[in-house]
Each structure stands twice: as structure tokens, then as C-alpha cells.
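The values are calculated or read from the model by the stated rules, or taken from the named source; none is laboratory data. None of the values given here were measured: they were computed from a predicted structure. Heads up, the Cβs are rebuilt from the backbone with ideal geometry, glycines too, and the neighbour counts pull from every protein chain shown.
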Amino acid sequence: MAAQDLSAFLQWAHENNIEWDKDAIEIREGKHGLGVYAKKDLDAGFELIQVPKSIVLSEQNSGIANLLEEEEIEGYVSLTLACLFELSLGSASNWSAYLALLNNRRPQMAGDLPEDARQLMKKSEVYGDIETDLKDMQEDFDKIVVPFLEKHPDVFTTEIVTKFFSYEEFKTMAWHVSSRAMDVDNYHVSALVPFADFVNHNSEPNSDYLTHEDVCEICGALSCEHLDELDDDEDEDEVPELESAVAKKKRAAAKKSEANGDDEDTENDDDDDADWEDEDINDTCDIILDEDVKKGEEITRHYGPFPNKIFLSKYGFAVVDNPDDTVSIQLEAVKTAAGGILSDSSVLEERVQWFLDTEDVFIGEDDDDEDDMEDCCDGEHDHDHDHDHSHKHKKAKDAAASEDADEEGDDVEEEDDDEDFPRDIMYIMHDGSIDDRLLMLLNVIFMEKEQFAKVQESMEVATEYFNDIFLRRALEEDLAIDGAEEDDEEEEDDEKPEIKPLDEAGRKVRKSVLEALLQVLRLRADAFGVSDATTAEEDLEALNKSGLTGLQFYGSVCVQGEKQILQNSLKMHSKLISEL
Ligand SMILES: C[S@@+](CC[C@H](N)C(=O)[O-])C[C@H]1O[C@@H](n2cnc3c(N)ncnc32)[C@H](O)[C@@H]1O
């Protein structure tokens, strides 16, 4: 690469009003390719990078925005075509220096490995994702890209198509898009944000990516006549994105002022929101320091709470001991395991169907941290989104309240979102606990006949029943944590809610649930060839000594991580069953 590519890019960035303090940070080669590094000690709250939205490389900003809109091409295909078009313009493109820098650095993606190297990942779910992504990409190319190019021969001449729009070029650019695109706002949607996109991921990041998402969908402005018209029609009280951007800016500024030794009472400045609304919301995508950093340290941010299979297929790396990692469980495996335990197997289909038809009523609001996953999947990545950020540790929602809300139309958006997740997949979380859906389903399958009749009859009874199950699980987890922290003298004496001890019938249901779960875990382990010959910890030690690097290392991290989850879960649930 050319150091010249980088300096040409920096010159271009400067000319296009991307703002950064040249004495404070630099882009340079590091252990994860290019990255952003501090050139001197910097304080939390420091505004590192500001990228005007006018220079993000989005479908809307590209020279073929009108064509892409006319043909209703969306998502990653549209952004990839926009980028390829700009690349084909060469120096005539507004982004030529940026694209030249990317073009000389092929992204390291698992789909690029030869099939025999990909086989290494076959013991992980990521293998299926990668194969599906490759198949989908070929299909998108054949069914969307080729007809689009053929329809506009004046723009995409034979020469241009041959040089810039072959399947290989499309695939490479799609990987740039997958690993770099960031959520910008509801006009640009997902885009390449030059400079900000050189910040690498870290599980404990020192910076944050901020953007004001709530702009006019028609013209991208912060305020305009379209928005005024909309405002007239809509309730005045909904401006969630604005508030979160303001809150984040305030937090960053508070840190900055703390760092500067200002004594102002930053806790009590909520009344000042009005001061922030107009002056401090820029039409830029910003990277702001969350922590103090020392000279030479890398600036990092969190890409989102992804399981490793998403990290690998979207970004080409995976995280050791990733707290957001999950193992998927297929509904079929649950049915197989439960069918072997139920004395009356005829109830199985009925109970499963009832659960699938009714579950939405009981699943509570999303966890708050959902909002913080700024570029989680970006709405761009075209595989199944088969990780579920939001179905863990919920409270069953008040069915009656939810029915009211539905009548008023409040939940329309949430319902649409819920339709998006695959109903036949459930999850084991990183610590070995199971997600709410699996916990509920197993209890529905094994609950006594009379109990099932009551639950079917009354949503209130059902809500109470599921809340009791969630509460028991929360207490079990607390006990596990308390056990681990026994020696911690400063442990807080939180008051724990009381729950009734299980009666004989309850214990019987619980035993069947745990037996089925252990069976499900073994089925999942067998399906992926997970061996018990070594522990996951031993596998990690061996992996660290293996000398594997790059994608082969990260693929093995996925395999090891999934084994660790299964091992944790088998251990946890074997202990629970032994204590019954
Ligand atoms: C948005 S780009 C960041 C800039 C990139 N390093 C470059 O050279 O252009 C994301 C890519 O950086 C690399 N990367 C970022 N964080 C990483 C990490 N924690 N571990 C390994 N690779 C990482 C991966 O190749 C990923 O696809």
C-alpha cells in the first residue's frame, strides 16, 4: 500500500471538511490493519472525528441515487452498486481517494477462503452463515445486479461492466460494505463514513460513534418543510433519537468538563436540554472519546453486541470469550428431546403450536441496550439475523395492558419487528443460560394438563405463570453469582423477592424441563461434532499455541466459543437437576 494512498486520502479528507486534530490522532497500520491512534494524551469527551454527512458514501449521495431509487434497489446491494459506480468514475468521483485506499486493501472475509479452509469452521454455526451469504450474494448478483446493469447500458457500458461490475468485483465491494458500513440516519440509512470507519472494534472501547438519526427521510435535513408538515400530523411527544443523541453529547461534554476540572454540577443539568437541541446537533457523524487515552493507544469503538458467527461473517474476525456469543437451538431438536420424555406425545404438537401462536403476547419490551446497538447488522447484512438480542431475561408483559396498546395501534412497529426473527430458532447464551423463548416453550410442553387448560383460558394466569418462571431463573442466576462472590466482603445485601418452593407437581415439570434441555444440548453438540475428549478451556489453550492466524484463527475461535457455551450450559443445568 501505499503510504501515498493514505496520505492522498488524508489530503482528500481535509479538503472535504472531515475534521480531526492532526496533532491528536493519526491513522496508521496496527495489529488489525489500519487503525486510529492517539498521538498525545487525550481526555474523555474529546471530539476525535467529525465527518459531514454530505461526504458519507451512501446510496443517496452517489451519482446513481436516482437509478437505484427508480429500480427500488435497497440494502447492501444498493450501497455496493453505489460504491462500484463511484469506483468506476475514477478520479471524477467525489470519493476517488477514499475508494483508491480501500481498493488496494482487499477485506479479509471468510467467504474468500477456499472451501477446504472453510471446512475448519464446519463445527461452528458460522459455516452455514458463510455458505448462505455466498449463495445469497450470487443470487442477488444474478437477479438484481445483472438486470439493473442491462437496463441502463448508457451508464453501464460493456467496458465499464467488464472492468468494475463482474461478480468478483461485486463480492469484494460487498465485503467492504459489510465490514465498514455504519448507520447514519433515516435518510442515508447505512453508508461508508470515511475516516470514522478506520476505528477498529474492541470489547472495552474508549470511544463512541454518535450520529443524529432523526432527520427528514425525504431530503435528509434536520429541519425542513417536509418535517414541518409531518409534525402537524403527528403527536408532538416523539423525538427519541434526538434525545439520545443529545444525552450522549451531554455525557461526553460532562466527562470533558470533569476532566478539565470544571466544578459545574453536571448531574443537574437536565433542564438545559433546550440549549442543546439546535446548537449542538451537527449534520455530522462523530467519534467522541469516552475514556481518557494515553499517547500511542489505539482508539476503538464497539461494533455491536454480536455473537461470533455474525462478527465473522460480517467483519471477518471473532472475539475470544465473547459475552454476546450464543448457540442456536432448532425447534426440531426441542421437539425430538421433549417427545422422548413425554408420556403422552400427542400433546407435543398442540403445545408447541399454542406457544408459537401466543408467545408475542407474553414477550416483554426489549431490553434498553437494544437502542445502543447503533450499527447492529445495519439492516444491511443479508443473512438471517438469527441472533436475538432481546429475548433474554424479560418479564412476561402484562397481557391485558398489551391488548389495550394493540387496540390503540401503539405496538404496530414492535409487531412488525417481531415478525422478523425466525420462530424456529432459540438460543443458549454465553453463560449457558437459555433464552426466554426456550424456557417458556419447555414449560408449556411439560406443564400439567390442568395447568395448560388454565393458561390457555386466562392470559392473566399465563402471565403470572411465566413471570414466576423468569423470577426463579433470575434467582438461580443470582445464587450462582453470589456463590462465586462468596468472599467478596463488599457484597451488597440486596433484598431478594420471595418465591414459593416448588410443590411436587412443579418439581416434576421442572425435572422434565431440565432433562429435555440436557438432551437438547447433547443433540446440538452431536450435530456439530463437538467432542468431550477435551474441555473448551483446553481447546482455547491449544488454539492459542496453534500458530493459526487471521481467518483460520477466528474461525477456530467460533468453534471453541460454541463449545464453551454448550459446556457451560450442560454444567449449569446438570447441577440444577441434581439439586431438585
Ligand atoms: C471498519 S474496518 C476498520 C478499519 C480496518 N482495520 C482497515 O484497515 O480499514 C473493520 C475491519 O477491521 C478489522 N478489525 C476491526 N476490529 C478488529 C478486531 N478487534 N480484531 C480483528 N480485526 C478487526 C476487520 O478486518 C474488520 O472487518
For the subset of segment 186-203 comprising residues that are outside any strand (DSSP E or B) and more than 19 Å from residue 34 (Cα to Cα), which member is nearest to the ligand (Cβ to nearest atom)?
188
Residue 365 vs. criteria of a type in the set (Asp, Glu), over 22 Å from residue 517 (Cα atoms), modelled with pLDDT under 90 and surrounded by fewer than 17 Cβ atoms within 10 Å (Cβ to Cβ):
yes
Being part of a loop (DSSP other than H, G, I, E, B), out of contact with any Cys (no Cβ under 9 Å at 6 or more places or on another chain) and more than 14 Å from the ligand (Cβ to nearest atom) narrows 170, 156 down to just 156
Of all helices (runs of 4 or more DSSP H) fully inside segment 495-580, the set with 3 or more residues that are polar (S, T, N, Q), at pLDDT 95 or above and at negative phi is 550-578
From (1) within 20 Å of the chain's Cα centre (by Cα); (2) farther than 23 Å from residue 310 by Cα, pick out the condition that doesn't hold for residue 155.
(1)
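Among the listed residues 183, 136, identify the single one that is modelled with pLDDT of 95 or more, within 14 Å of the ligand (Cβ to nearest atom) and either under 22 Å from residue 317 (Cα atoms) or not aromatic (Phe, Trp, Tyr) (or both).
Going through 183, 136 in turn, the sole match is 183.
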Given the criteria within 14 Å of the ligand (Cβ to nearest atom) and on the phi < 0 side of the Ramachandran plot, does residue 32 qualify?
yes
Cβ-Cβ under 6 Å, sequence separation 6+ or interchain: first residue in segment 12-30 and more than 20 Å from residue 296 (Cα to Cα), partner within 16 Å of the ligand (Cβ to nearest atom) and assigned to a loop (DSSP other than H, G, I, E, B). Which pairs?
13/195; 18/195
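From the set of residues in segment 114-125 that are touching an Asp or Glu at 6+ places or on another chain (Cβ under 9 Å) and within 14 Å of residue 553 (Cα to Cα), which is surrounded by the most Cβ atoms within 10 Å (Cβ to Cβ)?
By that ranking, first place goes to 124.
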By residue number, the members of segment 95-112 that are among the hydrophobic types (A, V, I, L, M, F, W, C) and away from the ligand (no atom under 12 Å from the Cβ) are 95, 97, 99, 100
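Would you call residue 42 farther than 21 Å from residue 144 by Cβ, in the same structural domain as residue 205 (by TED's automatic domain parsing) and of a type outside the set (Lys, Arg)?
Spelling it out, residue 42 is indeed farther than 21 Å from residue 144 by Cβ, in the same structural domain as residue 205 (by TED's automatic domain parsing) and of a type outside the set (Lys, Arg).
So is residue 162 closer than 23 Å to residue 89 by Cα, within 14 Å of the ligand (Cβ to nearest atom) and part of a helix (DSSP H, G or I) or not? Please lay out each step first, then the result.
Numbers: closer than 23 Å to residue 89 by Cα: yes; within 14 Å of the ligand (Cβ to nearest atom): no; part of a helix (DSSP H, G or I): yes.
No.
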Check residue 58 against each of (1) surrounded by fewer than 21 Cβ atoms within 10 Å (Cβ to Cβ); (2) of a type in the set (S, T, N, Q); (3) within 16 Å of residue 181 (Cα to Cα); (4) within 16 Å of the ligand (Cβ to nearest atom) and name the one condition it does not meet.
(1)
